[in-house]
1. Among the listed pairs 40/109; 44/67; 67/109; 20/40; 8/40, which are separated by more than 28 Å between their Cα atoms?
2. Say R0 is 22 Å: what FRET efficiency, to the nearest 0.05, do residue 68 and residue 133 get from their beta-carbon distance?
3. What is the packing order of peptides 170-181, 49-60, taking the mean over residues of other C-beta atoms within 10 Å and listing the highest first?
Amino acid sequence: MNTALYGKLSLAEVADGLRKVGAEGQAVFGGLDAGQLNWKPGAKRWSIGQCFEHLVTSNRLMVDAAKSAIANPRSTVWQRMPWWSKVWGKEMIRTQGPKVGMKYTSPSKSTPPSSVPADIIGRFVAQNTEIEAWVRSIDEAQARAIMESPFVKIITYSVMDGVRLLVAHDWRHLEQARRVLAAMPSNT
């Protein structure tokens, strides 16, 4: 999907996207063992397991921030400036989608440990199923609530853009994990 299209997804399309990326993660990586999940193509590169551990952590933080924004609307000055949130929502979706050329450093809150347990794909799929159900439960008014980024407090965007970002970011790291799998020696 073109990265720009993530910024136009409806709530139903976001929920479907979460289901699809979870199913794809299970289909492609669900049969890997702990050694394969933790193999790294280089000392400073992530393993498949680290890609998914990063997603589990960052998705939890994002959903917690979104739920907080719905329960406690607009409390910071940044959240009360609509143009600010629109700019950041679009920018975050654009830069964190699967088809961007730049590498970014993961925020320390979501940097994965050097080794992850073998159940990481199952945890990712289960979490995406829970998030999908939550997205299906919120309405358009709730989706307009302005949330604070759990990583950089002055960055704000609508809950709608936050859940769009989840899907784009999930695909970004699924594609990264796919590249790691392609580089993995066959005897691993």
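Quick note: the coordinates plus some simple rules give every number you see, no bench work behind them. Just so it is clear, the structure is predicted and the values come from calculations on it, not from any experiment. For neighbour counting, all protein chains shown are included, and Cβ atoms are generated from backbone atoms with ideal geometry for every residue, glycine included.
1. Cα-Cα > 28 Å for 44/67; 8/40; rest within.
2. Details: r = 18 Å, r/R0 = 0.84.
Efficiency, from the Cβ-Cβ distance: 0.75.
3. Numbers: 170-181: 20.1, 49-60: 23.0.
By packing density, highest mean first, the sequence is 49-60, 170-181.
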